[in-house]
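Heads up: the structure comes next, in structure tokens.
The values are calculated or read from the model by the stated rules, or taken from the named source; none is laboratory data. Since we're looking at a predicted model, the values are computed, not measured. Neighbour counts are summed over all protein chains in view; Cβ atoms, including those assigned to glycine, are modelled from backbone coordinates with ideal geometry.
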Amino acid sequence: MDIGKAFSLAGKTAIVTGAAKTTGLCYGMATALHDAGAKVALMDVSDGVFPLAESLGGAANGYFPVKADLCAKASREEGFARAVADLGGRLDVLLNGAGLQHRCDALDFPDDKWEIILDVNLSAMFYMCQLAARVMAERGGGRIINIASMTSFVASRRIPAYAASKGGVMQLTKALSNEWCKLGINVNAIAPGYMDTELTANMINTEQGRQHTARIAAGRWGKPEDLQGSVIFLASPASAYVSGAVLPVDGGYLAM
Ligand SMILES: NC(=O)c1ccc[n+]([C@@H]2O[C@H](COP(=O)([O-])OP(=O)(O)OC[C@H]3O[C@@H](n4cnc5c(N)ncnc54)[C@H](O)[C@@H]3O)[C@@H](O)[C@H]2O)c1
């Protein structure tokens, strides 16, 4: 194996959902895919994709912003088609990172939060996988990387919708791998540990946050950069025989 080529994404194309701001995990993963050689479409419901892509050099530098609501069929399908067109009609990698969270006791958990979290985190992910796999199958293969969570493995407290959705992400990843690996499409997931981002900002300094910190073998919460190596690995030829895996990137949390 030529190790340099094995980890290269030169000439490849990728769609990353959920990358609309520099503080998020998906921004770090999108720039990693780009730095390994891929052109990247940034797809998000937020207008933030436009200034973000521009700040990264825009189309001239291989970044394409696409605004789409992944929960709305027409918007999702138009956005996906637009992204593939911007990428030159081919798609090698789909990274499904868009996600929502809401903390509340299960007894009082609001219906609307339950529905939107399951919609964004799980249902929209499935529909995006399906759209991508149809394009990838025609070209002989591709890579799908879903963003799971520690709550794919352990359910924690006060996040019943998030835990249910991320448990679903793990099983969805395996189910799709079982059907699509023979089409040349590797489907894997990355399960980030407790990461220091806006999504967790209201938690890190709580009692529950301190309990999580105590369980992280690395002794610290993760940073977006901590996911970059894993995403390049799962998108690149180096992981050709890896499919249906859920890779924890958690500073040792699950082993504790
Ligand atoms: N932050 C953490 O500690 C942590 C840990 C484990 C897993 N994760 C997962 O990583 C992913 C990214 O998390 P983050 O911390 O960067 O969050 P973030 O809030 O910065 O990013 C999530 C993005 O999803 C987008 N989004 C929400 N609804 C959408 C919709 N209907 N259509 C299109 N886009 C939509 C948002 O606009 C936002 O840009 C999520 O799937 C999250 O569950 C985060």
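Is there a residue in the stretch 242-253 that is loosely packed, with under 12 Cβ neighbours inside 10 Å and either of a type outside the set (D, E, K, R) or touching a residue at least 60 places away in the same chain (Cβ under 8 Å) (or both)? No - not one qualifying residue is present in the stretch 242-253.
Being touching a Cys at 6+ places or on another chain (Cβ under 8 Å) and within 15 Å of the ligand (Cβ to nearest atom) is the filter here, so list the residues in the stretch 82-140 that pass it. Hits for the stretch 82-140 are 94, 95, 96, 97, 98, 113, 116, 119, 120, 123, 124. If we scan the stretch 149-172, do we find a residue that is surrounded by fewer than 14 Cβ atoms within 10 Å (Cβ to Cβ) and part of a loop (DSSP other than H, G, I, E, B)? Checked against the condition, which is being surrounded by fewer than 14 Cβ atoms within 10 Å (Cβ to Cβ) and part of a loop (DSSP other than H, G, I, E, B), the stretch 149-172 yields at least one hit. Scanning the stretch 1-55 for residues that are of a type in the set (Ser, Thr, Tyr), assigned to a strand (DSSP E or B) and either within 13 Å of the ligand (Cβ to nearest atom) or at pLDDT below 95 (or both) yields one hit, 17.
Considering the conditions (1) crowded, with 18+ Cβ neighbours inside 10 Å; (2) assigned to a helix (DSSP H, G or I); (3) within 16 Å of the ligand (Cβ to nearest atom), residue 146 is excluded by exactly one of them, (2).
Candidates in the stretch 200-241 are the residues that are away from the ligand (no atom under 15 Å from the Cβ) and surrounded by 16 or more Cβ atoms within 10 Å (Cβ to Cβ); of these, the one that is nearest to residue 10 (Cα to Cα) is 236.
Of all residues in the stretch 56-84, those satisfying the criterion of being in a loop (DSSP other than H, G, I, E, B) and more than 21 Å from residue 132 (Cβ to Cβ) are 56, 57, 58.
Being closer than 27 Å to residue 93 by Cα, of a type in the set (Val, Ile, Thr) and at pLDDT below 95 narrows it down to one of 206, 197, so name that one.
197
Check the stretch 85-93 and report whether any residue there is touching a residue at least 40 places away in the same chain (Cβ under 8 Å), closer than 30 Å to residue 156 by Cα and part of a helix (DSSP H, G or I).
No - not one qualifying residue is present in the stretch 85-93.
Being within 19 Å of residue 20 (Cα to Cα), touching a helix residue (DSSP H, G or I) at 6+ places or on another chain (Cβ under 7 Å) and modelled with pLDDT of 95 or more holds for only one residue in 172, 94, 131, and it is 94.
Give just the number: which of (1) crowded, with 23+ Cβ neighbours inside 10 Å; (2) modelled with pLDDT under 95 does residue 79 not satisfy? In the conditions (1) crowded, with 23+ Cβ neighbours inside 10 Å; (2) modelled with pLDDT under 95, residue 79 misses (2) alone. For the criterion of being basic (Lys, Arg) and touching a Gly at 6+ places or on another chain (Cβ under 6 Å), residue 166 fails.
On inspection, residue 190 passes the criterion of being within 11 Å of the ligand (Cβ to nearest atom) and either in contact with a helix residue (DSSP H, G or I) (Cβ under 8 Å, 6 or more places away or on another chain) or assigned to a strand (DSSP E or B) (or both).
Considering each residue of the stretch 82-115, count those that are surrounded by fewer than 14 Cβ atoms within 10 Å (Cβ to Cβ) and out of contact with any Lys or Arg (no Cβ under 8 Å at 6 or more places or on another chain), and give that number.
Count: 8.
Being within 9 Å of the ligand (Cβ to nearest atom), touching a residue at least 12 places away in the same chain (Cβ under 8 Å) and out of contact with any Lys or Arg (no Cβ under 6 Å at 6 or more places or on another chain): is that true of residue 174 here? In short, no.
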